[in-house]
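The values are calculated or read from the model by the stated rules, or taken from the named source; none is laboratory data. All of these numbers come straight from a predicted model, not from anything done at the bench. No Cβ is skipped: glycine too gets one built from the backbone with ideal geometry, and neighbour counts run over all protein chains shown.
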Amino acid sequence: MVVILSTYELGRPGFGPAMAAAWMRDAGIAARLVDLSRGPMPPDLVPQATLFAIHVPMHAATRLAGPVLSRLRAERPDAPRVAFGLYAPLNAAWLRAHGATHILGVEAEQALAALAAGQPGGDGDARGPRIPRLAFPVPDRTSQLPLSSYARLSIGGEHRLAGYTEASRGCLHTCTHCPIVPVYQGTLRVVPAEVVLADVAQQVEAGAQHITFGDPDFLNGPTHARRVLHGLAAQHPEVTYDVTVKVEHLLAHADLLDLMAGTRCAFVTSAVEAFDDRVLLRLQKGHTADDARRAIGMCRARGLALVPTFVAFTPWTTVDMYLALLEEIEALSLIDAVAPVQLALRLLLPAGSALLSDPDIGRVASAFDPQALAHPWVHDAPAVDRLQGDVMAWLGEHGRHASRQAAFAAARRLAADAAGRRPDVCTPGDVLVRATIPYLDEPWYC
């Protein structure tokens, strides 16, 4: 039996592990999905496993995978232990040091099934044009935990069971801070619409009332996105959904915004990142601050809630710039649309980050830290680092129970203190209120 492990999937029923299980199913190999973010490893599986495969799609998942690999090496030194996913090749040495016997990258399911079948195989560091083109099967979720184990959509006072799928992998864009870029290098892999809809159907049958599309950018393939949304609306008209879309694509595809507004799209997540054009240029986001304001207005005019994400602290951020970010969030009536952790996030420099070639980054960043799985950096102005630490500490102490209004007010107060100013009274606009903005009830991190 192959045991496919998740350590962190953003509070969602993972797509990558379920796709790996489908390849095992089609190869006639028994597989079991285990989500360690939701409970411990069933003790009986450790001696039964013929191979352990641990999914590392992001930074947090990779760090959590280290102790798991070490434990499996101690308990089952005879069994192959495969790390696969976006972060595996970038952190291969660290994963091997913790007990991985094989490293596979993205689009690795076919190679993983070959290893499980005892066929020759080794490490796979597929990047750019070398990334395999797989014939995607319908994900196998038969051994996945019930949807009630995962995040739910809060909408209009109702909590709806949420499923998760992906209509594409990779991204056509090359934002310098994005961890997808060093691996996919501007390439995209599309999951056929019929496979996406079959995955949605099996989750709706299991009770899903909402679907998150986890594509890095759902409108990378606008024609494909249109097919998926038409199919979803026709087959499951009662199901809500959310998508992630770049600002520039929101501006370029007003017709698809109309389609989303007419097909029960609960909200659109967009990586606004900053309202300072200097920072946006360094991150090569492909949009300006004015573009972001226009996109927010376009969504709002259609009744779509736009949920922005930010990289609040970068080497270019000043205390005044941080205060300006907060002022912009308030002016745009976004306080209740911004998850509090977004007010504290610090630029992450993982292995292979495209930002490492930026002279400003090279000046402030240190060598790769294998414990942090990143290049630490220190701001030229100590007050900025202190402010980031203070905001994060406040969230660590109060964030679980504090409202978004309270978290925003605390961030503003701390920033005003850092700037030596008297904090303004926080009087958020009343265009949107929390109860009207749908959200998933588990905060997520990279």
Going through 196, 181 one at a time, which residue ends up being closer than 18 Å to residue 20 by Cβ and of a type in the set (A, V, I, L, M)? 196
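Being of a type in the set (D, E, K, R) and surrounded by fewer than 16 Cβ atoms within 10 Å (Cβ to Cβ) is the filter; apply it to the stretch 386-412 and report the residue that is farthest from residue 335 (Cα to Cα). Explain how you work it out, then say what you get.
To start, the set of residues in the stretch 386-412 that are of a type in the set (D, E, K, R) comprises 386, 390, 397, 400, 404, 412.
Imposing the further condition that a residue be surrounded by fewer than 16 Cβ atoms within 10 Å (Cβ to Cβ) reduces the set to 386, 397, 400.
Details: 386: 23, 397: 20, 400: 17 Å.
In this case the residue turns out to be 386.
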I'd like the full set of residues that are closer than 19 Å to residue 291 by Cβ and among the aliphatic types (A, V, I, L, M), limited to the stretch 317-355. 321, 324, 325, 329, 331, 332, 334, 337, 338
Residue hits (the stretch 404-423; at pLDDT below 90 and in contact with a Lys or Arg (Cβ under 7 Å, 6 or more places away or on another chain)) are 423
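Does residue 355 satisfy the condition of being closer than 17 Å to residue 283 by Cβ, touching a residue at least 40 places away in the same chain (Cβ under 8 Å), in contact with a Ser or Thr (Cβ under 8 Å, 6 or more places away or on another chain) and assigned by TED's automatic domain parsing to the domain that holds residue 266? Let's see the steps before the verdict.
Details: closer than 17 Å to residue 283 by Cβ: yes; touching a residue at least 40 places away in the same chain (Cβ under 8 Å): yes; in contact with a Ser or Thr (Cβ under 8 Å, 6 or more places away or on another chain): yes; assigned by TED's automatic domain parsing to the domain that holds residue 266: yes.
Yes, satisfied.
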Which number in (1) out of contact with any helix residue (DSSP H, G or I) (no Cβ under 7 Å at 6 or more places or on another chain); (2) of a type in the set (Ser, Thr, Tyr); (3) in a strand (DSSP E or B); (4) more than 30 Å from residue 374 (Cα to Cα) marks the one condition that residue 212 misses? (4)
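Given the options 179, 237, 222, name the one that is outside the structural domain of residue 109 (by TED's automatic domain parsing), over 23 Å from residue 142 (Cα atoms) and within 20 Å of the chain's Cα centre (by Cα). Show your work before the answer.
Values: 237 fails: within 20 Å of the chain's Cα centre (by Cα); 222 fails: within 20 Å of the chain's Cα centre (by Cα).
Every option except 179 fails the conditions.
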Only one of these conditions is not met by residue 29: (1) within 15 Å of the chain's Cα centre (by Cα); (2) part of a loop (DSSP other than H, G, I, E, B); (3) in contact (Cβ under 8 Å) with a residue 60 or more places away in the chain. Which number is it? (1)
Can you pull out every residue in the stretch 80-99 that is farther than 23 Å from residue 188 by Cα and in contact with a Phe, Trp or Tyr (Cβ under 9 Å, 6 or more places away or on another chain)? 80, 81, 82, 95
